[in-house]
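Each remark here refers to the structure printed beneath this line.
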There are 2 protein chains.
Amino acid sequence: MKNVTDYNFFEKKMYIYPCKLHVNDCMSREKEVTIYDLARKLNISIATVSRALADDPVVSKKTKKKIADLAQEMGYRSNNFARNLRTQKTNTLGVIIPRINSYFMSSVIAGMENVATSEGYTLIISQSSESVEKEKANATTLFNNRVDGLLVSLAYDTDSLAHFEPFTKKKIPLIFFDRTADHRDSTCVLINNLKAAYEATTHLISQGRRRIVHITATQKRNVYIDRLQGYKQALADQHIRFREDYVIVGNLSQEAGADAAARIRQMSPLPDAVFVANDNCAVGCMIALKQMGIRIPEDIAFVGFNNDPVSTVIEPNLTTINYPGYEMGQVAARNLIAQLGGASGTRSTNTIILRSELVIRESSASRKPTS
Amino acid sequence: MKNVTDYNFFEKKMYIYPCKLHVNDCMSREKEVTIYDLARKLNISIATVSRALADDPVVSKKTKKKIADLAQEMGYRSNNFARNLRTQKTNTLGVIIPRINSYFMSSVIAGMENVATSEGYTLIISQSSESVEKEKANATTLFNNRVDGLLVSLAYDTDSLAHFEPFTKKKIPLIFFDRTADHRDSTCVLINNLKAAYEATTHLISQGRRRIVHITATQKRNVYIDRLQGYKQALADQHIRFREDYVIVGNLSQEAGADAAARIRQMSPLPDAVFVANDNCAVGCMIALKQMGIRIPEDIAFVGFNNDPVSTVIEPNLTTINYPGYEMGQVAARNLIAQLGGASGTRSTNTIILRSELVIRESSASRKPTS
DNA sequence: TTGTATGCGTTATCAG
DNA sequence: CTGATAACGCATACAA
């Protein structure tokens with residue numbers, strides 16, 4: 001504080017003199033070099049400097065070189081704020097995700113960061129922590145930060161998209177990924193959850209399982225709705241009656257898996273398979289069941305979802321749906337940037353479906369060596 | 001794939017049309033409302049509006065209210081670029097990390113995001129992918145983005161801090177966390193790796209183990225240097241000879257763990273314990289050893305580091321060092337913001353040590369029921 | 001190919 | 001308490 005006070009005092013005093021110094025003078029911050037400085041030094045106009053720095057073909061190679069060299073030498077760096085202010089663009093993408101610390105999400109983010117950086121964009125990441133309220137607040141913040149575009153994966157309980165209105169009103173492109181929603185003129189990037197769930201369930205049936213429990217989350221999110229649908233469809237196609245009480249809804253945490261295990265154990269007859277909408281929860285459930293002395297896959301087979309690294313650590317290794325997070329991040333970011341680039345045609349792309357696949361491991365082996 | 005192809009085709013077609021629209025013209029973006037608009041409507045000066053919006057005590061409550069209401073009504077939002085340009089502040093923090101998709105790192109980021117957002121700061125996250133070169137590039141980008149401060153966890157092979165010079169030269173505060181480095185006037189946030197490793201090793205010894213292998217990474221990073229030191233120290237204190245060939249250096253990936261397992265198996269006599277500098281690698285090693293028929297903990301005991309969720313999935317559950325990632329992120333961010341707030345005293349804080357603890361699980365049980 | 005002039009939306013200084 | 005006005009650094013329409 002001492003410093004600041006002194007500095008203000010000093011500055012006030014300075015105003016007496018005709019020599020008017022600006023905000024960043026003295027030694028408080030070395031002065032930034034601007035295009036004015038470059039122009040003055042080379043005796044040319046700032047316009048030329050600006051153009052040269054932007055690699056405008058209209059500037060001669062020679063002056064370009066001169067300017068580039070001097071810029072380098074003087075440690076010039078362009079001021080994004082001045083530029084953004086002028087161009088009304090921010091080169092910034094906003095991201096809203098439920099939470100960053102899951103393997104899947106952090107992979108997605110890694111993919112986004114990868115393409116964003118290489119395209120000269122910057123990412124602002126915010127977490128909704130699975131709460132609509134925080135999601136709204138994040139949306140507002142990002143809106144005020146003037147992001148050029150938005151990448152969103154919805155929270156569990158979001159059921160209105162009203163908080164994204166400001167963006168669509170201003171024609172700021174919006175992309176939903178993974179946990180998507182129907183929203184006119186905004187693209188979705190996801191996998192075919194229905195098909196994946198269908199395959200998972202069909203696989204269990206083909207292993208001789210009939211009493212298949214499904215553990216999932218709130219039916220507000222497409223991913224869980226579709227997975228449930230796929231599960232139902234598979235049952236129907238194999239003429240297995242769907243039982244409401246075989247669907248366990250929770251928050252898909254590892255603890256939720258343990259809770260589900262307790263419920264499963266109460267069922268009579270004991271189910272012979274479980275299809276879980278997420279690996280973490282599957283793992284929690286498997287651990288709990290094993291502690292109860294239930295054998296996997298002999299008594300109960302398991303299929304998860306996500307191909308999280310834990311799926312190869314748990315014993316037996318977990319059969320699951322592989323699901324390219326990193327790639328999903330890349331695709332979503334790339335598509336968003338394409339829309340920003342003015343490829344207006346891009347706008348009509350409504351949905352991008354990524355490939356997913358069933359990875360079969362021991363947790364779903366059939367009891368007898370048939371397969 | 002079908003979709004993607006169609007999409008490309010469609011886009012190409014769009015490019016044929018001569019109708020060249022500028023990025024933001026026509027009705028593509030409704031005009032933003034500025035303080036000028038507010039001022040005009042209320043017949044007051046922009047100066048008053050600006051002050052009112054900043055909640056300057058010098059403005060009367062009444063006019064403040066009027067202005068706030070109108071702003072709300074007209075959908076005014078302040079323009080950060082204009083403000084940043086004017087104030088020379090960005091309210092943005094840069095983050096450079098090796099990679100985001102590990103449980104530990106994503107927890108750290110979550111913690112940082114948490115305090116940054118609540119303090120009105122925004123985070124720009126970039127990954128070095130464990131490469132100095134990318135780390136340098138990231139530093140440059142963040143420098144050009146004029147971040148107010150920087151949070152860094154170093155890549156494996158970084159051995160010069162020259163790329164951070166621009167920041168320190170401009171007195172932009174720099175905080176290292178976890179993978180830190182000695183750098184005059186920059187704060188470090190980390191745990192006491194030496195002590196943690198000492199405890200881990202001592203624990204193994206107390207369980208009756210003598211031939212303890214240590215798996216770690218390059219000795220360029222403090223965390224690995226310190227953990228090795230702690231390991232050595234513990235051996236020394238228990239009068240166990242340190243053996244160079246018991247130290248296996250790799251990249252701590254799960255595969256590296258498997259490789260290490262192969263080497264361990266060759267050793268004769270077989271080591272009776274392994275202390276690994278990271279849980280993931282420990283898990284890889286355990287799985288590989290188990291496949292070779294080696295029993296854990298009977299033949300070889302294990303201790304990991306990080307308390308990653310996998311440590312409670314692997315069988316037997318992994319004894320490890322618990323290590324608060326989320327909190328570390330919060331502390332680092334909070335400290336950085338404090339420095340920006342002008343708390344000059346903060347500057348002299350050189351190192352912040354977070355608590356860590358040994359979590360004992362089955363992987364390190366002693367052979368006989370003594371403990 | 002280069003230069004001149006202007007405005008982008010704020011904040012902050014100085015003068016009422 | 002309020003107003004007028006000058007920067008902040010850059011991009012660009014228009015002139016030359």
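The values are calculated or read from the model by the stated rules, or taken from the named source; none is laboratory data. Everything quoted here is computed from the prediction, not taken from an experiment. Here the Cβ is made from the backbone with ideal geometry for all residues, glycine too, and neighbour counts use every protein chain on show.
The residues on offer are B:GLU113, B:GLU135, and the sole one that is of a type in the set (D, E, K, R), surrounded by 22 or more Cβ atoms within 10 Å (Cβ to Cβ) and within 12 Å of the chain's Cα centre (by Cα) is B:GLU113.
I'm trying to understand the selection: among the residues of segment A:351-364, which are within 16 Å of A:VAL274 (Cβ to Cβ) and either modelled with pLDDT under 95 or among the acidic types (Asp, Glu) (or both)? Across segment A:351-364, the qualifying residue is only A:GLU362. Within segment A:138-154, the set of residues being surrounded by 21 or more Cβ atoms within 10 Å (Cβ to Cβ) and hydrophobic (A, V, I, L, M, F, W, C) comprises A:ALA139, A:LEU142, A:VAL147, A:LEU150, A:LEU151, A:VAL152, A:LEU154. Which ones in segment A:177-189 are within 14 Å of another protein chain (Cβ to nearest Cβ) and modelled with pLDDT of 85 or more? Across segment A:177-189, the qualifying residues are A:THR187, A:CYS188, A:VAL189. For segment B:79-99, filtering for residues that are more than 8 Å from DNA strand C (Cβ to nearest atom) and hydroxyl-bearing (Ser, Thr, Tyr) leaves 2.
Exactly one residue out of A:LYS41, A:LYS62 is in a helix (DSSP H, G or I), away from every other protein chain (no Cβ under 14 Å) and out of contact with any helix residue (DSSP H, G or I) (no Cβ under 7 Å at 6 or more places or on another chain): that is A:LYS62.
Residue-level check: of (1) in contact with a strand residue (DSSP E or B) (Cβ under 6 Å, 6 or more places away or on another chain); (2) farther than 23 Å from A:ILE353 by Cβ; (3) crowded, with 22+ Cβ neighbours inside 10 Å; (4) of a type in the set (A, V, I, L, M, F, W, C), A:PHE167 misses just (3). Residues that are closer than 20 Å to B:GLN207 by Cα and within 36 Å of the chain's Cα centre (by Cα) within segment B:263-278 comprise B:ILE264, B:PRO271, B:ASP272, B:ALA273, B:VAL274, B:PHE275, B:VAL276, B:ALA277, listed in sequence order. Among the residues of segment A:69-104, those that are of a type in the set (S, T, N, Q) and under 21 Å from B:VAL147 (Cα atoms) comprise A:GLN72, A:SER78, A:ASN79, A:ASN80, A:ASN84, A:THR87, A:GLN88, A:THR90, A:ASN91, A:THR92. Here B:THR48, B:THR87 are screened, and the one residue that is within 9 Å of DNA strand D (Cβ to nearest atom), modelled with pLDDT of 90 or more and not small (Gly, Ala, Ser) is B:THR48. Whether a residue is touching a Lys or Arg at 6+ places or on another chain (Cβ under 8 Å), at pLDDT below 90 and either over 16 Å from B:ARG179 (Cβ atoms) or β-branched (Val, Ile, Thr) (or both) was assessed, and B:ASN80 passes this test. The criterion of being of a type in the set (Lys, Arg), under 21 Å from B:ILE96 (Cβ atoms), within 14 Å of another protein chain (Cβ to nearest Cβ) and in a loop (DSSP other than H, G, I, E, B) does not hold for B:LYS220. Within this structure, B:THR63 fails the test of being touching a residue at least 40 places away in the same chain (Cβ under 8 Å) and more than 24 Å from B:PHE167 (Cα to Cα). Number of residues in segment B:39-78 that are within 8 Å of DNA strand C (Cβ to nearest atom) and buried (at least 17 other Cβ atoms within 10 Å of the Cβ) equals 5. In summary, strands (runs of 3 or more DSSP E) completely within segment B:79-176 and bearing 1 or more residues that are more than 9 Å from chain A (Cβ to nearest Cβ), in contact (Cβ under 8 Å) with a residue 24 or more places away in the chain and out of contact with any Ser or Thr (no Cβ under 6 Å at 6 or more places or on another chain) occur at B:92-97, B:149-152.
Scanning segment A:231-240 for residues that are farther than 19 Å from A:MET267 by Cα and assigned to a loop (DSSP other than H, G, I, E, B) yields A:GLN238, A:HIS239.
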